[in-house]
Each structure stands twice: as C-alpha cells, then as structure tokens.
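First up is the structure itself, then whatever we jot down about it.
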Amino acid sequence: MQKNYCIQFTSAKIEDLMFRTTFDPVTREGKVIVNLSIIDKKDLDDVMGIFEMAINSGLSVSPYIRVLHEGDSIEGISVGPDEVGFVTVCSITIDGILLKKGVLVNPRFGGLVEIKNGTPLRFTNVLTYHSTTIDPLEVLMSQEITSVTEMLKTGSGKILANLREAPMAARDDIDRILSDMMDAGITGILEVGEPNTRILDVPVERDHLGIVVIGGTNPMAIVQEHGINIRTNAMSTVIDIKELRHINEYA
C-alpha cells in the first residue's frame with residue numbers, strides 16, 4: 001500500500017511543540033522544548049568550554065543542558081560511537097510558556113541581528129516559519145554568515161535571534177511572565193518593543209508588540225565558527241526540565 005506523506009512546515013511544528021510545553025516558571029516544573037546537537041567525542045572539552053562561555057555571556061535561553069553519550073537517544077536520534085550529544089533549551093519554549101499562561105503569541109521568523117558596540121540594531125537576514133520545513137536558524141547557520149564570536153570579542157557582529165508578536169493588551173502579563181521566566185533560569189530576551197512600533201527595524205501588526213529572543217542555537221554557531229563540526233537538530237522534542245542539569249554541574 002502506498003503511503004501518503006505530508007510536508008510539515010516549521011510553523012506547524014512550532015504550534016505542536018508550544019501546546020506540548022508544560023513548564024511553569026513559578027513552580028519550575030514541567031516540559032520544555034529542546035535542541036539536540038551532536039559532536040565528535042574528541043571535541044568535547046573544547047565544545048563544553050564554548051557552551052560555558054556562550055551561556056555566561058547571555059547567548060543562550062537557559063543554562064540547563066543534558067550531555068548524551070554513545071547509545072543514548074532522543075526523538076529517534078541516537079548518539080553514535082565516538083560521539084557526544086548536547087540537549088539545550090530552545091527559544092520556542094518561551095512561546096509555549098506564554099501560551100500556557102494565556103498570552104497568544106505568533107512566532108514570525110528567525111534571522112540574524114546586527115549588534116554594534118553591544119547594542120542590537122536591526123535584523124539583516126530573515127526566514128519566516130511559514131516558508132520553510134527547516135528551522136530558519138539551522139538554515140542561517142549552514143550559510144556560515146554568523147559572527148557571534150566576533151560579537152563576543154568586540155561587541156559588534158551578527159547573532160541568531162527570532163521574532164514573535166503578541167497582543168499589546170497583554171503587555172502587563174508579558175512583563176510579569178518574562179520576569180518569572182528569568183527567575184526560573186529561562187532568559188534570552190533581547191528586546192521587547194512598544195505597541196504599534198517597529199522593533200529592530202521590523203514592523204509589527206496593528207495592536208501588537210514585538211518580542212525578540214536570542215536564538216538557542218547561538219552556542220552551536222560559535223562552535224561552528226571555531227571550525228568544529230557540529231550537527232544540530234533544532235526544536236527536537238519536549239522533555240521534563242528535571243532531565244536537565246545546570247552546565248556548571250558538568251564542570
């Protein structure tokens with residue numbers, strides 16, 4: 001019997017993962033969306049150092065990670081011989097938390113944000129979630145056009161980020177929920193815009209405001225910029241936050 005295959009655009013995958021997110025920043029319990037990256041075992045020490053640097057510099061969604069070893073698997077992806085896997089929190093987790101708290105957000109696109117002297121200026125490259133079956137930040141990473149390492153060294157460069165919109169009527173709720181997230185270790189908010197106002201040179205829908213979140217794949221981009229091979233599967237699945245540990249515990 002012939003099987004029917006259906007193309008799943010990234011926007012549909014995001015909606016599914018948002019609804020499956022159950023993490024509550026107040027109780028600090030529940031499931032979060034994660035990325036999975038695979039590296040060669042010989043590069044473990046270098047990559048761990050890069051991840052620590054990225055997290056301590058604020059270029060991540062959360063300091064909570066999980067290290068996988070040969071034979072471990074997640075979402076059908078197994079860690080092979082002489083490989084190590086890194087499970088990290090995906091930025092779409094923030095959308096899922098907002099949704100479960102009653103704030104309907106619309107993830108619009110992933111892209112590159114130009115940073116100059118430590119100040120985010122504008123999106124320079126974008127790819128909408130409705131136009132691709134691959135995570136936009138994965139696509140942009142593959143083009144090798146990031147300069148996250150340079151940004152960390154000089155304060156100027158291009159980092160991965162994404163934009164979502166939310167109703168301006170929910171502004172007070174958004175501020176409260178984002179504050180609770182930060183207390184729970186879910187960070188990475190680059191900028192929250194004003195209602196009906198462009199954010200990083202991007203217009204927003206009427207009666208909405210924009211929220212720019214640092215891409216959870218920035219640590220992987222730094223690894224790539226250092227010439228280390230890394231395979232990343234963004235937005236892999238949801239797992240319980242209790243399965244993750246603070247990166248300092250791996251030191």
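The values are calculated or read from the model by the stated rules, or taken from the named source; none is laboratory data. What you are looking at is a predicted structure, and each value in this text was computed from that prediction instead of being measured. Note: ideal-geometry Cβ built from the backbone for every residue, glycine included; neighbour counts use all protein chains shown. Quick note on the areas: whole protein, heavy atoms, side chains included, nothing else; ligands and nucleic acids left out. Shrake-Rupley method; radii C 1.70, N 1.55, O 1.52, S 1.80 Å.
Here are a few things to note about the model shown:
- Residue in the stretch 183-205 that is assigned to a helix (DSSP H, G or I) and hydrophobic (A, V, I, L, M, F, W, C) present: no
- Only listed residue being modelled with pLDDT of 95 or more, within 18 Å of the chain's Cα centre (by Cα) and of a type in the set (D, E, K, R), chosen from 165, 144: 165
- The lone exception for residue 246 - which of (1) crowded, with 17+ Cβ neighbours inside 10 Å; (2) within 21 Å of residue 69 (Cα to Cα); (3) of a type outside the set (Asp, Glu) it fails: (1)
- Answer residue from the stretch 15-52, given it is polar (S, T, N, Q) and buried (at least 18 other Cβ atoms within 10 Å of the Cβ) and is farthest from residue 107 (Cα to Cα) among those: 37
- The condition (being among the β-branched types (Val, Ile, Thr) and crowded, with 20+ Cβ neighbours inside 10 Å) is satisfied by just one residue among 105, 126, 192: 105.
- For beta carbons closer than 6 Å, sequence separation of 6+ or different chains, a first residue in the stretch 148-172 that is open to solvent by 20 Å² or more (accessible area, probe 1.4 Å) and a second that is hydroxyl-bearing (Ser, Thr, Tyr), the qualifying pairs are 152/57; 158/146; 158/147.
- Enumeration of residues in the stretch 86-142 that are part of a strand (DSSP E or B), touching a residue at least 60 places away in the same chain (Cβ under 8 Å), within 22 Å of residue 51 (Cα to Cα) and not hydrophobic (A, V, I, L, M, F, W, C): 88, 110, 120
- Within the stretch 224-251, residues that are among the aromatic types (Phe, Trp, Tyr) have Cβ atoms under 8 Å from residues that are surrounded by fewer than 20 Cβ atoms within 10 Å (Cβ to Cβ) in these pairs: 250/48; 250/67, counting only partners at least 6 apart in sequence or on another chain.
- Flag if residue 12 is without any contact (Cβ under 8 Å) to a residue 60 or more places away in the chain and assigned to a helix (DSSP H, G or I): yes
- Here residue 55 meets the list (1) in contact (Cβ under 8 Å) with a residue 24 or more places away in the chain; (2) open to solvent by 30 Å² or more (accessible area, probe 1.4 Å); (3) assigned to a helix (DSSP H, G or I) almost entirely, failing just condition (2).
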